[in-house]
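Inspection log for the structure reproduced underneath, given as structure tokens.
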Amino acid sequence: MSAAIHNATVPPQVLLAHYLKALKLPTFSREYEKVAFECAQDQADYPRYLLRLCELERIDRERRAIERRIRQARFPQTKSLDTFEFKAIPSLNKSMVLELARGEWIERRENCIALGPAGTGKTHTALALGLAACQKNYSVLFVTAAALVHELMEARDERRLRVIQRQLDRVDLLIIDELGYVPFTAVGAELLFEVFSRRYEQGSTLVTSNLPFDEWTSVFGSERLTGALLDRLTHHVHILELNGDSYRLASSRKAAKSGRSNSDLAAGDTINSDSKGGETPDG
Ligand code: ADP
Ligand code: MG
């Protein structure tokens, strides 16, 4: 009853703002007056008015969901396929990358491994595929192999390994970057193996590595463990081969030839055509 009195005294706009907030319809709240004005001009009826508002809310909600996915993915920088020069790396199967960007492999819980020496664009490709997956509304987590192992070891010591494992299980696409640069301890290798094992046919994993498969034992220590891991990881797998010269090095050489320092270029005007500002050259 007090609500009714309340309603009688409070302006409808205020109440409406309150209800729309409670109902989590921010776009309705922001747009209803403007859309009402437009609908009056177009002589659109009430159902059409409501429909326009619903459409706007839905579009906005999808955009917010994608932004949230991207934040949760913890990408160290934003890279997309738009800024990737496929011509610079002929060994990379472009059509496979474009197909992977469609995201259906994640639906099928398949894996992807990007192999090649340093500077050939593995991380860029992984970031771009991760971004594409977020845009298809998959949950993604990007982490380096070393950081993941570190986090798992820490969690194990603090008796919260299960929590982390369940978090990882829930991710549609787990991207493990830079496998191979740092060898793991026996415990670290076991913990990482467990991650792969739990994800087998349950979720997609994308791994980048500078090492060919026959050298993975040097990272995991044990031949038996490496064999079992590769068996799971490569059962349903797309392999991207990035064999070629370092893009970084090529950029530096081009810069040197044209008489400019690489740091001038890193300021972002030529060669590395990454349009998204704010990235730092990583090495
Ligand atoms: P990797 O992970 O293989 O060591 P990165 O993906 O980190 O190599 O690439 C090094 C740098 O060069 C990054 O800034 C990346 O954006 C850029 N880069 C590499 N390959 C390409 C390419 N084909 N087109 C555009 N930029 C590239
Ligand atoms: Mg890399």
- Message: Please count how many residues of segment 237-252 are outside any strand (DSSP E or B), more than 16 Å from ligand 2 (Cβ to nearest atom) and within 26 Å of the chain's Cα centre (by Cα).
- Response: 0
- Find the residue count for segment 118-170, including only residues that are surrounded by 21 or more Cβ atoms within 10 Å (Cβ to Cβ) and of a type in the set (S, T, N, Q). 3
- When segment 103-152 is examined, which residues are found to be among the polar types (S, T, N, Q) and either within 27 Å of R248 (Cα to Cα) or not in a helix (DSSP H, G or I) (or both)? N111, T120, T123, T125, N137, S139, T144
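Residues are listed down the side, and each one gets a yes or a no for (1) in contact (Cβ under 8 Å) with a residue 40 or more places away in the chain; (2) over 16 Å from the mean Cα position of the chain (by Cα); (3) more than 16 Å from ligand 2 (Cβ to nearest atom):
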residue: S95; (1), (2), (3): no, yes, yes
residue: I113; (1), (2), (3): yes, no, no
residue: H124; (1), (2), (3): yes, no, no
residue: A146; (1), (2), (3): no, yes, no
residue: D157; (1), (2), (3): no, yes, yes
residue: I175; (1), (2), (3): yes, no, no
- Message: Pull out all pairs, ordered by first then second residue, where Cβ-Cβ is under 7 Å, the residues are six or more apart or on different chains, the first lies in segment 244-262 and is over 18 Å from T83 (Cβ atoms), and the second is at pLDDT 80 or above.
- Response: L249/G119
- Quick one: is T226 modelled with pLDDT of 95 or more and either more than 25 Å from the chain's Cα centre (by Cα) or within 11 Å of ligand 1 (Cβ to nearest atom) (or both)? yes
- Note on the structure: Within segment 63-76, the residues that are more than 13 Å from L129 (Cα to Cα) and either under 9 Å from the mean Cα position of the chain (by Cα) or touching a residue at least 60 places away in the same chain (Cβ under 8 Å) (or both) are A65, I66, R69, R71, Q72, R74, P76
- Scan segment 179-236 for residues that are hydrophobic (A, V, I, L, M, F, W, C) and part of a loop (DSSP other than H, G, I, E, B) and jot them down. V182, F184, L211, W216
- Filtering segment 103-113 down to residues that are surrounded by 14 or more Cβ atoms within 10 Å (Cβ to Cβ) and either over 18 Å from D177 (Cα atoms) or in contact with a Pro (Cβ under 6 Å, 6 or more places away or on another chain) (or both) yields G103, W105, R109
- Query: Out of all the residues in segment 177-198, is one or more within 21 Å of R71 (Cα to Cα), at pLDDT 95 or above and away from ligand 2 (no atom under 16 Å from the Cβ)?
  - Reply: no
- Note on the structure: Picked from segment 239-255 (must be buried (at least 19 other Cβ atoms within 10 Å of the Cβ) and modelled with pLDDT of 95 or more), the residue farthest from ligand 1 (Cβ to nearest atom) is L240
- Specify which of the listed residues (L92, L100) is surrounded by 12 or more Cβ atoms within 10 Å (Cβ to Cβ), assigned to a helix (DSSP H, G or I) and of a type in the set (A, V, I, L, M). L100
- Only one of (1) in contact with a strand residue (DSSP E or B) (Cβ under 6 Å, 6 or more places away or on another chain); (2) loosely packed, with under 15 Cβ neighbours inside 10 Å fails for A73. Which number is that? (2)
- Which members of segment 74-83 meet the condition of being out of contact with any helix residue (DSSP H, G or I) (no Cβ under 6 Å at 6 or more places or on another chain) and within 16 Å of ligand 2 (Cβ to nearest atom)? R74, P76, Q77, T78, T83
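The values are calculated or read from the model by the stated rules, or taken from the named source; none is laboratory data. These figures come from a predicted structure and were not determined experimentally. Glycine also receives a Cβ, built like all others from the backbone with ideal geometry; neighbour counts cover every protein chain displayed.
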